[in-house]
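In what follows, a single structure is set out as structure tokens and then discussed.
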Amino acid sequence: MYQKILVPISGKTQGERARASLNQAIRLCSGDITLLHVVNPVSQMLSGNAHSEIQHEEQARGQTLLSPHAAMLEKAHIPHSWRVVEGTPAETIVRVAHEINADLIVMYTDGRDDLGDMLLGSITERVLRTVDINLLAVRR
């Protein structure tokens, strides 16, 4: 059993995919679960109100994406928290895992989706290559 589990959820892995990851995390958790959504950094070309507005909108979208999963954890009486963080996905997942002292990361993967994944590897693969924390990749 794991005390601190990080479950990254993207817009791409919402719905059934996110529930599959979350169900695995619930099954393995004896502590608390942190839900994470990573948003792309807002361009530094924007300034002032435009920059702040876009950041606020991205935060709101992330919270909307995570809220049904947080409700699922709440209903199951599992201690949890959720974070929406700006950054590049793989690096941010690893950084947040270290910040919360996670002992497991649970991520959904369905393999390579497109040419970019073939050339660079999926986000799950990139996390796996750089993380020193246990990672469970959940497949269909």
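The values are calculated or read from the model by the stated rules, or taken from the named source; none is laboratory data. All figures in this text were calculated on a predicted structure; none of them were measured in a lab. Positions of Cβ are generated from backbone atoms using ideal geometry, with glycine treated the same way; all protein chains shown enter the neighbour counts.
Given (1) closer than 21 Å to residue 123 by Cβ; (2) in contact with a Ser or Thr (Cβ under 8 Å, 6 or more places away or on another chain), identify the lone condition not met by residue 84.
All conditions pass for residue 84, except number (2).
Name the residue that is modelled with the lowest pLDDT, counting only residues in segment 11-25 that are surrounded by 18 or more Cβ atoms within 10 Å (Cβ to Cβ) and within 19 Å of residue 102 (Cα to Cα).
18
Please specify each residue of segment 89-135 satisfying the condition of being polar (S, T, N, Q) and at pLDDT 95 or above.
If the condition is that a residue be polar (S, T, N, Q) and at pLDDT 95 or above, then 92, 101, 134 are the ones that fit.
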